[in-house]
Structure formats: structure tokens, C-alpha cells
1. Answer yes or no as to whether Thr34 is β-branched (Val, Ile, Thr), open to solvent by 80 Å² or more (accessible area, probe 1.4 Å) and at pLDDT 70 or above.
2. Out of curiosity, is Glu40 at pLDDT 75 or above, closer than 30 Å to Asp18 by Cα and among the acidic types (Asp, Glu)?
3. Might you let me know whether region 32-42 holds any residue that is under 16 Å from Lys68 (Cα atoms), in contact with a helix residue (DSSP H, G or I) (Cβ under 8 Å, 6 or more places away or on another chain) and in a loop (DSSP other than H, G, I, E, B)?
4. In region 61-70, is there at least one residue being within 23 Å of the chain's Cα centre (by Cα) and open to solvent by less than 90 Å² (accessible area, probe 1.4 Å)?
5. List the residue pairs whose Cβ atoms are under 6 Å apart, where the first residue sits in region 43-64 and is closer than 12 Å to Ile20 by Cα and of a type in the set (Gly, Ala, Ser), the second is at pLDDT below 90 and not in a helix (DSSP H, G or I), and the two are 6 or more positions apart or on different chains.
6. Of all residues in region 152-183 being open to solvent by 70 Å² or more (accessible area, probe 1.4 Å), among the β-branched types (Val, Ile, Thr) and outside any loop (DSSP other than H, G, I, E, B), which is modelled with the lowest pLDDT?
Amino acid sequence: MTDTPTRGRRSKVDLLPDDIRKRLDAGLRDGSITQAELLEEVNALIKAAGLPEEQQLSRAGINRYATKMEAVGKSLREMREITQVWTAELGDKPTGEVTKLILEMARSQLFKALLNESESGEAADVGMIKEAMLAVQRLESAAMASHKREKEIRKLFAEEAANAAEKVAKSAGLTKATVAQLKNEILGIA
């Protein structure tokens, strides 16, 4: 959970048993109690678990952890909102337009990674970006194959419906012109 180097040492929060850490995370997400009350509760759980007193959290430690958790949560919330907006916008668009959007997002991420590389001196994870682009290509290919198959199925269904309508119309005594018009309407030829 830490982004800054800690001389190879894990934080006290990272060393907590799972059940205590889950309670800490739940308390931070819930927000119904203050950090001070949550700190008191978590330290009581640490004591009840028989852990050494040096494992107890400090106000500064819980505040650092809460700040990091909030940053991650904010990022996740923003991504969900963006995804919902774009899904609503592109939900009924052809797959090609969705792919264009994804490719543009990938280009943007590549640009950010390269910019970060030049500013920080860290190597950009170009391999991950390349894998993402390959995944997009495969998804587009699968989507196009699915779209093509769906069109074929609809066409077959329309032909079956048109043939059935033709039989019914003929048996009902409709004229050849009316039967042809009905069939063309069903097939979308009209």
C-alpha cells in the first residue's frame, strides 16, 4: 500500500492480522466513526489478539494509511464514473467507435507513461501498454465476429419469418403483389 520507500520495512498496518486490518479498512470506508475512535478500537483489537504493544498504531500512522486509502478510493470512483459516462454514451454505437475510444485512451496512457519516464527517470511500462493494445485488438476481432454472426442469424430468422408469412398470406387468399410486398417488408427489402 505504500508508494514511498521505507528502508525495506513494512508498515504496522501491513503487519496487522487480516481480521484486524479488515476492520480498519471497513471503519475507514464507513466513515461513521472518527479516526480517533477507530484508532482506539483497532488498538483494542491488537491488544486482545495478544500482539506486542509496539504493534499498536499511532494517530499519524492511521492518518497516513487513511490518506492513501482515500486516494485509491477516489481514483476508483473517478474511473467508475468515467466508465459509466462512456458506456452510456457508446452503449449503442458500433464496436468500431468503442475501439477508437479505447485506442485513444491507450495512446493517452502511453503518452503519460513516456512523460513520467522523462520526468522521473523511471522506465515506462511499455510492455503492459503493448499487451493492452493486443488485448484491444483481440477484443475488436471477437466483437466483429460476434456482430457478423448476429447479422447472419437475424437474416436467417427474417427469411424464415418471410416464408412463413408468405404461406399464411397465400392461404388467406391475398394477391401475389400483396404477398410479395409483405415478404419484402419482413426482409427489409422494401
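The values are calculated or read from the model by the stated rules, or taken from the named source; none is laboratory data. Please read these numbers as outputs of a predicted model, since none were measured by experiment. Here Cβ is always computed from backbone atoms with ideal geometry, including for glycine, and neighbour counts include all displayed protein chains. Just the protein is used for accessible areas: all its heavy atoms, side chains included, with ligands, DNA and RNA removed. Shrake-Rupley method; radii C 1.70, N 1.55, O 1.52, S 1.80 Å.
1. no
2. yes
3. Looking through region 32-42, none of the residues is under 16 Å from Lys68 (Cα atoms), in contact with a helix residue (DSSP H, G or I) (Cβ under 8 Å, 6 or more places away or on another chain) and in a loop (DSSP other than H, G, I, E, B).
4. Scanning region 61-70, I find at least one residue that is within 23 Å of the chain's Cα centre (by Cα) and open to solvent by less than 90 Å² (accessible area, probe 1.4 Å), so the answer is yes.
5. Nothing qualifies.
6. Val168
Every residue, every condition in (1) open to solvent by 60 Å² or more (accessible area, probe 1.4 Å); (2) at pLDDT below 80; (3) in contact with a strand residue (DSSP E or B) (Cβ under 9 Å, 6 or more places away or on another chain), yes or no:
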site	(1), (2), (3)
Thr87	yes, yes, no
Pro94	yes, yes, no
Ala135	no, yes, no
His147	yes, yes, no
Glu150	yes, no, no
Ile189	yes, yes, no
